[in-house]
Amino acid sequence: MDLQYLKEEAEASLEYYIQKPWTRNPMEQLYRDYFYFHFYNLPNPRCRLGCYICYHVEGTQTHLPMPFAKGVFENQFYPKKIRHTELCFISWFRNQKKFLDKKLSPGEKYRVTWYMSWSPCINCVNAVIRFLKENENMDLTVFVARLYYSYSPEHRWGLRRLHQAGAQMNIMSSEEFEYCWETFVNHRRTPFFPWDDLDANYQRLSMTLEAILQVRFFHPCSPPGPKQDPPQALDVSPAMSLWSRRHAE
């Protein structure tokens, strides 16, 4: 195995990938170059128009080596109208729920984990919140490689609403990238090659997300009251300080 060649191939995949047929949604595994290109955690990369969810569904009381279900969704572009990957997962789960319910023990909850190339847009946030209300016996944990329009008050508000609805929001670290590579990528027994700025991007995105979630809950279209922070005044210094203390331990 030529590790130097594989490393150069991985580095090239951060800039481009070869489009391949997506035979069904969900797929069992993601192509190697797709993973490097679409999950590259540069905060504002070019040409990343699609979104991918690597997911697994399991029970909170289950100690099986394999989850109930796992796979990879991408945005639906054909044969019908475009549908974002979160909506594809929700539709799939609703269709599979009767089958999945049989695997739960009495009183057991679903534990659903998403590893996403982008955080949800505001429209998908609304759909996911409705989905969680439909399924009160579900714990949802979301790891994202990048934050979608993190400077937009509307999208920051959406992430806070999703957090308020019970979803655990996180930024993907090197540990999650490694896990996704081993679990959801057709890597053909090749190792994962972290890109040089992975950890620096993770730190930057983590501080941004922590600052977003700490801001008091408000609607972006409402005029701020006397005790309400304006949407543009996003002070990240408390979150940076908190983040630094946590990760220095």
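The values are calculated or read from the model by the stated rules, or taken from the named source; none is laboratory data. No experiment lies behind these values; they were computed from the predicted model shown. Backbone-built Cβ (ideal geometry, glycine too); neighbour counts: all protein chains shown. Side chains are part of the model used for accessible areas, which takes the heavy atoms of the whole protein and leaves out ligands, DNA and RNA. Shrake-Rupley method; radii C 1.70, N 1.55, O 1.52, S 1.80 Å.
Quick look at the values:
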quantity	calculated
With all protein chains modelled, accessible area of Glu8 [1.4 Å, Å²]	100
Three-way shape label, segment 123-186, alpha-carbon gyration tensor, a/c 1.5	oblate
Solvent-accessible surface (1.4 angstrom probe) belonging to Tyr148, in square angstrom, nearest 10	80
Relative contact order of segment 83-229, defined on C-alpha pairs under 8 angstrom at six or more residues apart (%)	22
Integer Hz, Karplus 6.51/-1.76/1.60 couplings in order for segment 99-110, x for Gly and Pro	5, 5, 4, 5, 8, 7, 7, x, x, 7, 10, 7
Nearest-0.05 FRET efficiency for Glu28 and Asp101, computed from C-beta distance (R0 22 Å)	0.45
Surface accessible to a 1.4 Å probe, Lys103 within the full protein complex, Å²	80
Distant-in-sequence amide H partners of Ala145 (H built 1.01 Å from N, under 5 Å)	Met116, Ser117, Trp118, Met172
Cα gyration tensor shape for segment 1-63, rounded if a/c is under 1.5, else prolate or oblate	prolate
Anisotropy class of segment 55-194 from Cα gyration tensor, a/c 1.5 cut	rounded
Average Cα contact separation per residue, segment 1-54, under 8 Å, 6 or more apart, as relative contact order %	35
Antiparallel content of DSSP bridges confined to segment 1-143, in %, to 5	70
Under-5 Å amide H pairs with Arg111, H placed in peptide plane, nonlocal only	Glu58, Gly59, Thr60, Asp139
